[in-house]
Amino acid sequence: VIKTSTHTGLRDRALLGVLAYTFARIGAVVNLKVEDYYPSGKRFLLRFKEQGGKEKELPVHHKLEELLDEYLKVTGLGAEPGSPLFPAALGKTGKLSRRPLVRTDAADMLKRRLKQAGLPAHYSPHSFRATGITNFLENDGTLEAAQRIAGHADSRTTKLYDRRGQKVLLEDMERIRY
């Protein structure tokens, strides 16, 4: 559990939420500006700048919306549309600068947070893509929708992230009889 008593804790929780709920590449996430999170009707959207200069807009999951809204309100970033959505920390003060977080620092933060949670260190920001896509497909999402969310040009790329076939279930193992 990430302590949310500091601005960096709120930032880290919101950034990990974006990774988990959008299957986005870490580079696209750290490049988000506050104005890239915006209302459309009753829901919010996130506008990502993807590889090759493409833009992608995704509706925001209601749980992610709660994380982002709290983060932007408490930190005051909501009033600064041109600021980075995920700025770098000011040393170990728990406060945020207005300098964008770089991809490698975000990946290091993820490793630190995984270690604090007692999770294996081999997970990476990219693991969130595979886990998110697999979870989406396990919950009856279509490959085509997963492809759109992930921003893949080809469905074969999306299939590479589908880990459903790698699970060995207990009932499968119990079929081994001597």
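The values are calculated or read from the model by the stated rules, or taken from the named source; none is laboratory data. This one's a predicted model, so the numbers in the text were calculated from it and none came from an experiment. So basically every Cβ, Gly included, is an ideal-geometry build from the backbone, and we count neighbours across all protein chains shown. Ligands, DNA and RNA are excluded from the accessible area calculation, which covers all protein heavy atoms including side chains. Shrake-Rupley method; radii C 1.70, N 1.55, O 1.52, S 1.80 Å.
Checked against the criterion of being more than 20 Å from Ala20 (Cα to Cα) and in contact (Cβ under 8 Å) with a residue 12 or more places away in the chain, the candidates Ala79, Ala89 yield just one match: Ala89. The residues listed here are Glu57, Glu50; of these, the one that is open to solvent by 90 Å² or more (accessible area, probe 1.4 Å) and of a type in the set (D, E, K, R) is Glu57.
Residues checked against (1) within 16 Å of the chain's Cα centre (by Cα); (2) not hydroxyl-bearing (Ser, Thr, Tyr):
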{"site": "Thr75", "(1), (2)": "no, no"}
{"site": "Pro87", "(1), (2)": "yes, yes"}
{"site": "Lys92", "(1), (2)": "no, yes"}
{"site": "Ala121", "(1), (2)": "no, yes"}
{"site": "Pro125", "(1), (2)": "yes, yes"}
{"site": "Arg177", "(1), (2)": "no, yes"}
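The residues of the stretch 117-134 that are open to solvent by 80 Å² or more (accessible area, probe 1.4 Å) and either without any contact (Cβ under 8 Å) to a residue 12 or more places away in the chain or among the small types (Gly, Ala, Ser) (or both), listed by number, are Leu119, His122. Residues of the stretch 78-123 that are in contact with a helix residue (DSSP H, G or I) (Cβ under 8 Å, 6 or more places away or on another chain), over 12 Å from His7 (Cβ atoms), outside any helix (DSSP H, G or I) and modelled with pLDDT of 90 or more: Glu80, Pro81, Gly82, Ser83, Pro84, Leu85, Pro100, Leu101, Val102. Which one is nearest to Pro59 (Cα to Cα), of the residues in the stretch 135-154 that are in a helix (DSSP H, G or I) and open to solvent by 50 Å² or more (accessible area, probe 1.4 Å)? That would be Arg148.
Among the residues of the stretch 11-35, the ones that are hydrophobic (A, V, I, L, M, F, W, C) and farther than 13 Å from Arg113 by Cβ come to 9 in all. What about Ile176, is it in contact with a helix residue (DSSP H, G or I) (Cβ under 9 Å, 6 or more places away or on another chain) and of a type in the set (A, V, I, L, M)? Taking the combined requirement at face value, the residue does not satisfy it. Would you please name the residue that is least open to solvent (accessible area, probe 1.4 Å), looking only at residues in the stretch 155-175 that are part of a loop (DSSP other than H, G, I, E, B) and among the hydrophobic types (A, V, I, L, M, F, W, C)? Here the answer is Leu169.
Screening Tyr178 with (1) open to solvent by 90 Å² or more (accessible area, probe 1.4 Å); (2) in contact with a Lys or Arg (Cβ under 8 Å, 6 or more places away or on another chain); (3) aromatic (Phe, Trp, Tyr) gives one miss only, at (2).
When the stretch 13-47 is filtered for residues that are surrounded by fewer than 18 Cβ atoms within 10 Å (Cβ to Cβ) and in contact with a helix residue (DSSP H, G or I) (Cβ under 8 Å, 6 or more places away or on another chain), the ones remaining, listed by number, are Gly27, Arg43, Arg47.
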